[in-house]
Structure formats: structure tokens, C-alpha cells
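What follows is calculated from the coordinates using simple rules that are stated; it is not laboratory data. Computed from a prediction, not measured in an experiment: that's the story for all the values here. Please note: Cβ atoms are built from the backbone with ideal geometry, for glycine as well, and neighbour counts cover all protein chains shown.
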Amino acid sequence: MSVQVKPLESNDDSDINVRAFVALIIGAVAIGTAPIFMRYAEVTPTSSAFWRLAFSIPLLFVWRYCEIKKDGEKFLEIRNFKSLKPFIIVGFFFATDLTLWHWSVKLTTVANSTLLANMAAVFTAVGGFLFFGERYSKTFISGMFIALLGAMALMGHSIEFSPDNLIGDMLGLTTAIAYAGYMIASASARKSLSTASVMLGTAIFASVFLLPIALYETGDFMPNTLLGWWPLIALAWFTHVVGQGLIIYALAHLPAAFGSVSLLVQPVIAAILAWILFAEALGMYHFIGATLIITGILTCKKGVGR
């Protein structure tokens, strides 16, 4: 039994698609700063995730207020309890992704966790195929695997699979599934909801999910110094509001699977920033990996039907 392979459908307006692609890449670059700000944070990993969302809510509130003042919509486009469902689902997947990712980093190597989390591109494509009937061209599939190969090369010799890392590795793989769920749910929500509405609703519900976990973790929930707040504010205002906001905007015009593949540019940005800020050496495998990732993304872009 053969499976028909055809290009993904996209918006007929190519200008919108170009703007969405540019927004997606800039958003990916912005969220690629997350590991840098997290390294400076003086709180536990899940606490940093909570503050990232909590501090983003005021800006998102203002953004949404300006939006409804212009268009005359309801604040979160809530008509009844059922209309809360998209916000709860997206918030749950995002909170799960952040929690599992931080625990994975703690229980396995950073390289293993990063590589396994990047498998979200595959899970997003599979989810789109199974639940939304999306079909992918051979060009798109080839580009996706080129980009994933680049992510593996970027990790270089740091990848280390052993029984001691099994739990952390499994959490890393589960992170990929959670992020795939977040991408698919966000793309679905954007079909009927605005970017600001999805962002604000997600931040509210995800922070509610994260708060008890953050309070339960051993370690500091709040920074001990005034200076310790700035990485958390930067994580919220730049990484989340700017980065995630551009990504959510793009998902209204591009397939979720393509968005997930494009986000593989994140480890490239993180490696460059670590080299600039922390003098972490860049080896040949970094350059090979970055080249493959960029090539894969551009190949995927060609594989998205017009």
C-alpha cells in the first residue's frame, strides 16, 4: 500500500510566507539565547522557566490590550469554558516541555539532552501526518533529515549514551514529544486566535502548571541579589515575548513541521553566543553541523508547496 507524497499546502500570498519565514528565523535566533540567560540565572531550572512566563505576562497583557482596543475583540477571545481549551492545551504542552527539558539537562549530558530534544522536528511531522492529514514532499523530508544530521554533528564528540544517562535521555526524548505537541497545538490555535491572545493565554496557564513544580524543587526559587533578576527579565522579554511571539505569528502561515525544523537553528546560535561570552571553543564539527542545519532548513523551504 503506497502513501501519496505531495507538497505541503501554504498560503497563496507568497509575500506573507516570506515574512513568516523571516519572522520564524528571527524568533529561532531569539529563543536560541535561552541557554545563555539560564546560565546566568541564580534560581533552579524550573523556577527560571516560571519567571520567564510570569515576567512576560505584563508585556503580553499590554500587547493584547492594544490589539482589542483596535479590533474590539474579547480580551482572550473567551466565549465560554470550551473556548479556554486551546490556551490550556498549549500552556500544558509548553510547561511540560520546559520542565522535562530542564530535568533532562540535569540527569544527562547537555549534548544528549539537546540532541534528543531536537527530535521534535520528526515528532511534529509525524503528528501533522497522523492528526491533520499533512503530506510532505520528498524534498521536505530530505531537508528535515539533513538538518537533524547537522544537529548531531553540532553536538560532535560530546554525545554519550550510557546506562547512567538513561533516565535523562528518556526525558530528553519526551521533551521532543512535548515540544512537538506545543508546535502542533499552537499552529492549530493560530487558525482562529491572534498571536497575542495565544501568547498571553499560554503564559498564564503554563505558569500555573509550573509554579508548584518550581516551589517543590530543591534550591532557590528567587534570586538572592537584585542583579540576579536581570537574566530572568531578559529571558521573559527577549527570549519569550520577542522570540516565541515571532514563532507563534509564523505558525499561522507556515506548517508546524517546517517551523519545528527551522528551530534547529537554535543550537547554532547558542554555540556562537557561548563562544563569544564564555570562550567555549568551536570545532570543525560545529561548522559542519551549522552548515548542514542551514542547508536542511533551506531545502525544507523549497519542499513547502506554493
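How large is the Rg to Rh ratio of the range 182-243 when both quantities use alpha carbon positions and Rh follows Kirkwood?
With Rg and the Kirkwood Rh in hand, the quotient comes to 1.06.
Rounded to the nearest Å, what's the spacing between the alpha carbon centres of the range 174-236 and the range 39-69? Just the number, please.
Cα centroid to Cα centroid, the span is 7 Å.
Starting from the Cα-Cα distance between W275 and S192, subtract it from 0.36 nm times their residue separation and give me the gain in nm to one decimal.
Here the answer is 25.8 nm.
For S142 and W229 in the same chain, what is the full-extension length gain: residue separation times 0.36 nm, less their Cα-Cα distance, in nm?
Fully extending the segment from S142 to W229 adds 27.0 nm.
Can you compute the modelled spin-label distance between I167 and M284, with each label point 7 Å from Cα toward Cβ, in nm?
Between I167 and M284, the simple spin-label model gives 3.9 nm.
Mind checking the full-extension length gain between D220 and L84? Use 0.36 nm per residue of separation minus the Cα-Cα distance, one decimal, nm.
45.7 nm
Would you mind ranking L173, L166, L116, L98 by Cβ crowding within 10 Å, fewest neighbours first?
Going from least to most buried by this count: L166, L173, L116, L98.
Please compare each pair in K191/K301; K82/K106; K106/K302; K106/K301 to a cut-off of 28 Å on the Cα-Cα distance and tell me which ones are over it.
Where the Cα-Cα span goes over 28 Å, the pairs concerned are K82/K106; K106/K302; K106/K301.
With 10 angstrom as the radius, rank Y216, Y249, Y179 by how many other C-beta atoms surround their C-beta, starting from the fewest.
Fewest-to-most ranking of Y216, Y249, Y179: Y216, Y249, Y179.
Expressed in whole Å with the largest first, what are the equivalent ellipsoid semi-axes of the range 227-268 derived from the C-alpha gyration tensor as the square root of 5 times each eigenvalue?
With the √(5λ) rule applied to the range 227-268, the semi-axes are 25, 12, 5 Å.
Using label points projected 7 Å from each Cα along Cα→Cβ, tell me how many nm separate F238 and C66, to one decimal.
2.0
Assuming a ≥ b ≥ c are the square roots of the Cα gyration tensor eigenvalues, decide whether the range 155-269 counts as rounded (a/c under 1.5), prolate (otherwise, with a/b larger than b/c) or oblate.
It comes out oblate by the Cα gyration axes.
Sorted from fewest to most neighbouring beta carbons within 10 Å, what does the list I233, I89, I247 look like?
Sorted ascending by nearby Cβ count, the order is I233, I89, I247.
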